[in-house]
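Okay, structure first, notes after.
The values are calculated or read from the model by the stated rules, or taken from the named source; none is laboratory data. Keep in mind the model is a prediction, meaning the values are calculated, not measured. Cβ atoms come from the backbone with ideal geometry, glycine included; neighbour counts cover every protein chain shown. These accessible areas exclude ligands, DNA and RNA; they are computed on the full protein's heavy atoms, side chains included. Shrake-Rupley method; radii C 1.70, N 1.55, O 1.52, S 1.80 Å.
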Amino acid sequence: MWYRVLAGAFPTRDSAVGARAGMWNHGLAARGQGDVLRAPYSFSLSDHAPAASTLGAHGIPAVAWGTGSRLLAGAFETPEQARVLEARLKRARVQATLVTRMGEGTTP
């Protein structure tokens, strides 16, 4: 069984590698553990979605993004990987659109 832990969004691959090295140096992860992946796809949640903490309690990882109150859920390498979370969002009756994260903004 594999588990996925996301450590954040970084503007460059080098900054992500540096953050991973920082986790190693601080003992937050065993040296040599962790991959740096490009995961540009997330779900942009509707304005009527519950708060991120409420979604998290139901197994839906959501974070505030950008300067507004937009919530994004998940991080995926491909749209196909997003299907499991898409089904979970539908069961929770949360409207969401798969978007590509590009810096502070997103594109549909």
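Since only S15, A39, A51 are under comparison, the one whose Cα sits farthest along the positive direction of the charge dipole of the chain, derived from C-beta charges on Lys, Arg, Asp and Glu, is A51. The charge dipole of the chain, taken about its Cα centre with unit charges on the Cβ atoms of Lys, Arg (+1), Asp and Glu (-1) only, comes to about 220 debye.
Averaged per residue, what accessible area in Å² does the chain show with a 1.4 Å probe, protein chains only? If you can, show how the numbers build up before the last one.
Working: 7780 Å² over 108 residues.
Dividing the accessible area of the chain by its residue count gives 72 Å².
Our helix-only sum for the chain, with -39,500 (n - 2.57) per DSSP H run of n ≥ 4 divided by its residues, gives a mean residue ellipticity at 222 nm of -7500 deg cm²/dmol.
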